[in-house]
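Structure record follows, encoded as structure tokens.
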Amino acid sequence: MKNKLNSKADMQLAAELIRDSRSMIAFTGAGISVESGIPPFRGPEGLWSRYDPQCLDLDFFHSHPKESWTVIKTIFYDFFGKAEFNQAHRVLADFEAKGLLKALVTQNIDNLHQMAGSKNVLEFHGNSQKLICPHCKKIYLPQEVNLDVLPPRCVADKQILKPDFVFFGEGIPEEAYRRSIEAARKADVVLIIGTTGEVMPAAMIPTEAKRAGATIIEINTEPSNYTNNITEIFLQGKASEILLKLEDLIQRN
Ligand code: APR
């Protein structure tokens, strides 16, 4: 078991690895957005302990669209809609601007990395900021759709709109998948931030990087599936606090 407290040496070593990296990537999960007010999916306060994940099951969505959309609206549009990026998202955007971060693979659909200024964001599970008509493929922004009448329908053909993010039982967007694997195989350092590593195939991205020789630095408030497995340096704590400290150490060295 990794030591509970982050030793100064761990933080210093992580900062040096980041500073000297040539092809670092980040792999983020719901934990990086917790400090923006968005609960994680798992854990004591997790969304899946309050809502039934079947709302994101593709078959259930097709057979019970109104029921599914009612929960989806509550979680991903009422709740997520008002969230703002936090310092953890901002530090990653600055690492990218400084040329330290080559790619950001996220499991999140909250658009907060983009709002913080990250450009090369590979959205493994899509993005809640787009709704799509499965029939004519017309794309809508949430603000273009009246979510007080559920399920929302396409103006062109009255088909039920679907959020353009990945449901359980649905495939991963082809381009995001390919580019994420490519980035993982080229990475020399991976920052795993705020994820349990529970959900495949997303969870195998850091493992792919490790297999190709990358050094794994993990930031999480709790140990995850990675911690006693592929993680080299485990920095326990809140994403924004740890990333601000790392940013400060890098700037000072
Ligand atoms: N800072 C860093 N990590 C945190 C913080 C924080 N402030 N708060 C919570 N965490 C950690 C938790 O310890 C946990 O390991 O974030 C992780 C959240 O885990 P999950 O809720 O399982 O989120 P994630 O790993 O992203 O889930 C993957 O599951 O439901 C699907 O599609 C959904 O993309 C999601 C996928």
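Let's see how each residue does on (1) over 22 Å from residue 110 (Cβ atoms); (2) open to solvent by less than 30 Å² (accessible area, probe 1.4 Å):
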| site | (1), (2) |
| --- | --- |
| 162 | no, yes |
| 206 | no, yes |
| 210 | yes, no |
| 223 | yes, no |
| 226 | no, yes |
| 235 | yes, yes |
| 241 | no, no |
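Among residues of the range 126-136 being touching a strand residue (DSSP E or B) at 6+ places or on another chain (Cβ under 6 Å) and open to solvent by 30 Å² or more (accessible area, probe 1.4 Å), the one that is nearest to the ligand (Cβ to nearest atom) is 130. Listed by first and then second residue, the pairs linking a residue in the range 172-185 that is open to solvent by 100 Å² or more (accessible area, probe 1.4 Å) to a residue that is part of a helix (DSSP H, G or I), with Cβ atoms under 8 Å apart and 6 or more places separating them unless they lie on different chains, are 185/208; 185/209. Limited to the range 22-53, what total is found for residues that are assigned to a helix (DSSP H, G or I), at pLDDT 95 or above and of a type outside the set (Asp, Glu)? Of the residues in the range 22-53, 6 are assigned to a helix (DSSP H, G or I), at pLDDT 95 or above and of a type outside the set (Asp, Glu). As an exercise: evaluate residue 139 against (1) open to solvent by 40 Å² or more (accessible area, probe 1.4 Å); (2) β-branched (Val, Ile, Thr); (3) within 16 Å of the ligand (Cβ to nearest atom) and give the number of the one condition it does not meet. Failed condition: (3). Looking across the range 3-53 at every residue that is of a type in the set (D, E, K, R), buried (at least 17 other Cβ atoms within 10 Å of the Cβ) and within 12 Å of the ligand (Cβ to nearest atom), the one that is nearest to residue 202 (Cα to Cα) is identified as 42.
From the list 166, 145, pick out the single residue that is open to solvent by 20 Å² or more (accessible area, probe 1.4 Å) and either farther than 29 Å from residue 96 by Cα or in contact with a Ser or Thr (Cβ under 9 Å, 6 or more places away or on another chain) (or both). Matching residue, one of 166, 145: 145. Among the residues making up the range 11-59, a single one is basic (Lys, Arg) and free of Cβ contacts under 8 Å to residues at least 12 places away in the same chain: 50.
Does residue 61 satisfy the condition of being open to solvent by 50 Å² or more (accessible area, probe 1.4 Å), among the hydrophobic types (A, V, I, L, M, F, W, C) and out of contact with any Leu (no Cβ under 6 Å at 6 or more places or on another chain)? So residue 61 does not fit the description; no. Is one or more of the residues making up the range 134-154 outside any strand (DSSP E or B), within 15 Å of the chain's Cα centre (by Cα) and not hydroxyl-bearing (Ser, Thr, Tyr)? Among the residues of the range 134-154, not one is outside any strand (DSSP E or B), within 15 Å of the chain's Cα centre (by Cα) and not hydroxyl-bearing (Ser, Thr, Tyr), which makes the answer no.
The values are calculated or read from the model by the stated rules, or taken from the named source; none is laboratory data. Every value quoted in this text rests on a predicted model; they were computed, and no experiment measured them. So basically every Cβ, Gly included, is an ideal-geometry build from the backbone, and we count neighbours across all protein chains shown. The protein model used for the area step is the full one, side chains on, heavy atoms only, and it has no ligands, DNA or RNA in it. Shrake-Rupley method; radii C 1.70, N 1.55, O 1.52, S 1.80 Å.
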